[in-house]
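One structure follows; several queries about it will come next.
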Amino acid sequence: MRYRRNRQGGRYAMTGRQRVMYRLCLLGVLIAVVAFTAVYWYFELKSRIPDEITLFQDRVENIDFGIPFTQVRVRQTDAEATRVSIDHAKKVDGHIRFSMAGPLSVTAQNCGSLQGEVRLFGWLPCKKIRIDIRKGTKVMPAGRAVGLYIHADGVMVLGTGRIAAAHGEEQTPAYNKLQTGDYIYAVNGQKVATIRDVSRLVQKNGAKQMILSVKRDSGRIQVKLTPVRAADGSYQIGVWLREDTEGIGTLTFVTPENQFAALGHGITDADTDLLIRLQNGGLYPAGIDHVVKGKNGTPGQLAGYVQLGKENRLGEIDNNTSLGITGQITNKAYQYQEDKACEAACKQDVRKGKAVIRCQLDDQVKEYEVEIEKINLSSKDNKGMEIHVTDPELLEKAGGIVQGMSGAPIIQNGKCIGAVTHVFVRDVTRGYATFLENML
């Protein structure tokens, strides 16, 4: 700020106009700071509010979201249909209203769904919320290592390439026609399940134009292309293909109906990182030979073997989703046992603090201590919790979380709350876990 000076070099005080301008500037800065803080606080609060809340029928749920200044409104008719009871709730204008600021005791007698709206201070619309009431269930946490064999729904395209043609030029017949993640399920109307099937039909077709039936995203398309005669005399279409996939993971739990869930994340192609379209698949026994110990920057892995063969099949894999694989257990030794079961937890049951994970590092399944450090109730993926391995034995054997441990069930306060899904590459003692309700 500039001042007027007198003849002796001293300076005068600001003029009235300058004072007003100075104060207006300060006021503007203050308003901007307050506005930024309010907007930041609004979106931060909004991110803490889950999009969905799951409740189990006929079970008392003690919920403490700890989100101040928030009120939920649900239609009274929906609440009556599900016969839901919420502590400290009020009936106003055909709605049931309750606060998310403090602990609540909630029960519901009927399965169903409630649509609600979260409002700040009871009047400012903030977010839509869905409350689902499901039939209560128990699960048998497993933790066993299992082999997974996936038959893809067609032959997967990894990418396209160049062909050295018989006359010396390079050609790319599939370029801009097929793309990574496509699944070829028929060639000239004949179904294919293996790379050998595709190759045989390409050779049979020769240099004529051919039609590939392709699954792309959620649709089906027909792709026309002409094979090229390569330098070795064979006909090629210039694509990299993959068919079946196998590996080792951890069985998370089995339900009373002998439905199982495993991994906590989907089975993806190693080269494309795309979720594999499942035609069918099987679950098989696996043994762990040794553990490649992880270190920061280089995650370890469970090294072992899978006992394939129809006589060894433990169950059928029915679904492969981003939240894990599911299917039916058929082998009696792996089926549900009531004396080994515990309650399935909702995400609001999870608390920061001690828990255990159950996994197999040799020929036995054991429990190891972990610390739940962060909980994100609004998470829509398989990274709703951050865990830290604290068990000295697990740290000594594996260094922390290793590949193949995905799906290891997490148990806290006598309930199965989720499963391990990812390791932090920069700190292998830490990783992500998904909520159990995502896998049910």
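Give the carbon-plus-sulfur fraction of the accessible surface of region 188-284 in %, rounded to a whole number; probe 1.4 Å, heavy atoms of protein chains only.
Heavy-atom surface of region 188-284 belonging to carbon and sulfur, 1.4 Å probe: 47 percent.
Ok, one more. Rounded, prolate or oblate: which fits region 282-440 when a ≥ b ≥ c are the square roots of the eigenvalues of the alpha-carbon gyration tensor, with rounded for a/c under 1.5 and prolate only if a/b beats b/c?
oblate
Which whole-Hz ³J(HN,Hα) couplings does region 232-242 yield from phi under the Karplus relation 6.51 cos²θ - 1.76 cosθ + 1.60, θ = phi - 60°, glycine and proline marked x?
Once θ is set to phi - 60°, the couplings for region 232-242 become 7, x, 7, 9, 9, 10, x, 9, 9, 10, 9 Hz.
If you scale each eigenvalue of the Cα gyration tensor by 5 and take the root, what three semi-axes come out for region 1-137, rounded to whole angstrom and sorted largest first?
After scaling each eigenvalue by five and taking roots: 55, 13, 11 Å.
Using a Förster distance of 45 Å, how high is the FRET efficiency between Ala32 and Lys91, based on the Cβ-Cβ distance and rounded to 0.05?
With a Förster radius of 45 Å, E is 0.60.
Mind checking the angle between helix 16-48 and the chain's longest principal axis? C-alpha axes, 0 to 90 degrees, to the nearest 10.
Helix 16-48 sits roughly 40 degrees off the main axis of the chain.
How much of the calculated P(r) for region 204-282 lies past 16 Å, in percent of all Cα pairs?
So the portion of pairs separated by more than 16 Å is 69 percent.
Relative contact order for region 1-131 using alpha-carbon pairs under 8 Å, separation at least 6, rounded to a whole percent?
Worked out over region 1-131, it gives 25 percent.
Which whole-number percentage describes the relative contact order of the chain, with Cα contacts under 8 Å and a sequence gap of 6 or more?
It rounds to 14 percent for the chain.
Same structure again: Which ³J(HN,Hα) values in Hz, rounded to whole numbers, follow from the phi angles of region 176-189 under the Karplus curve 6.51 cos²θ - 1.76 cosθ + 1.60, where θ = phi - 60° and Gly and Pro get x?
Karplus values, whole Hz, x for Gly and Pro: 6, 10, 9, 9, 4, x, 5, 10, 7, 10, 7, 10, 6, x.
Taking the Cβ-Cβ separation of Ala303 and Gln279 as r and a Förster radius of 45 Å, what is the calculated FRET efficiency to the nearest 0.05? Kindly include the intermediate steps, with their values, before the conclusion.
Values: r = 28 Å, r/R0 = 0.63.
So the FRET efficiency works out to roughly 0.95.
Then there is this: Local charge sum around Pro103 (other residues, Cβ-Cβ under 12 Å, Lys/Arg +1, Asp/Glu -1)?
-3
Quick check on the chain: helices-only [θ] at 222 nm, where DSSP H runs of length 4 and up contribute -39,500 (n - 2.57) each and the sum goes over total residues. Nearest 500, please.
-4500 deg cm²/dmol
Candidates (i) 23.6; (ii) 22.9; (iii) 26.0; which is the computed Kirkwood radius over Cα pairs in Å?
Evaluating Kirkwood radius over Cα pairs in Å on these atoms matches (iii).
Pull up all non-local amide H partners of Val239: gap of 5 or more, or a different chain, and H-to-H distance under 5 Å with H placed in the peptide plane.
So Val239 has HN proximity to Gly161.
Okay, moving on. How big is the gap, in Å, between the Cα center of region 272-343 and the Cα center of region 123-137?
Region 272-343 and region 123-137 have Cα centres spaced 33 Å from each other.
Between Thr390 and Asp289, with labels modelled 7 Å along Cα→Cβ, what's the label distance in nm to one decimal, could you check?
A separation of 3.6 nm, rounded to one decimal place.
Next question. Extension gain Arg229-Lys352, at 0.36 nm per residue separation less the Cα-Cα distance, in nm?
Details: separation 123, 0.36 × 123 = 44.28 nm, distance 6.30 nm.
Between Arg229 and Lys352, full extension yields 38.0 nm more.
A follow-up question, please. Using a 1.4 Å probe, how large is the accessible area of Arg430, given in Å² and rounded to the nearest 10?
Rounded to the nearest 10, the figure is 70 Å².
Here's another thing I want to ask about it. Apply the Karplus curve 6.51 cos²θ - 1.76 cosθ + 1.60, θ = phi - 60°, to the phi angles in region 72-80 and return the couplings in whole Hz, x for Gly and Pro.
Along region 72-80, the couplings run 9, 10, 10, 5, 5, 5, 5, 5, 6 Hz.
The values are calculated or read from the model by the stated rules, or taken from the named source; none is laboratory data. Predicted model only: the values in this text are computed from it and were never measured. As a convention, Cβ positions derive from the backbone with ideal geometry for all residues, glycine included, and neighbour counts pool all protein chains shown. Only protein heavy atoms, including side chains, enter the accessible area calculation; ligands, DNA and RNA are left aside. Shrake-Rupley method; radii C 1.70, N 1.55, O 1.52, S 1.80 Å.
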